[in-house]
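Report on the structure given below.
The values are calculated or read from the model by the stated rules, or taken from the named source; none is laboratory data. Predicted model, so just to flag it, every value in this text is computed and none were measured. Cβ placement follows ideal geometry from the backbone for every residue including glycine, while neighbour counts extend to all protein chains displayed.
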Amino acid sequence: MQLQELLDRALVLADEGDWEQMAELLREHLAEHEAEAEVHCWLGVAERELGLEGVAYERFRRALALNPPWTRTCWPPRAPGWRPSTTPTPKSR
């Protein structure tokens, strides 16, 4: 699956509050997008919403290592019930 299609699908699930399906979708495609900060970051958001703070923390660390400027746009400190509505535009590498 192409990166943008994956992120679009994941964010629709997030908008619906379906964190479990979002996390499952992103995990299924993580290996093919291992070098993409966006995938790690949004997976971290989903895992944090599922109460998997330790796992989410590692996802955010990986995303930061891959692309620090982009990761700040989906960094986790958000109000409870926060739902992403759009995919941030990643900076060019």
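Suppose the filter is within 11 Å of the chain's Cα centre (by Cα), buried (at least 21 other Cβ atoms within 10 Å of the Cβ) and modelled with pLDDT of 95 or more; does Leu6 pass it?
For Leu6, the condition - within 11 Å of the chain's Cα centre (by Cα), buried (at least 21 other Cβ atoms within 10 Å of the Cβ) and modelled with pLDDT of 95 or more - is met.
Restricting attention to the range 11-39, which residues are of a type in the set (Gly, Ala, Ser) and either farther than 19 Å from Asn67 by Cβ or at pLDDT 95 or above (or both)?
Those that are of a type in the set (Gly, Ala, Ser) and either farther than 19 Å from Asn67 by Cβ or at pLDDT 95 or above (or both): Ala14, Gly17, Ala23, Ala31, Ala35.
Testing Thr73 on (1) modelled with pLDDT of 90 or more; (2) surrounded by 13 or more Cβ atoms within 10 Å (Cβ to Cβ), one condition comes back false. Which one is that?
(1)
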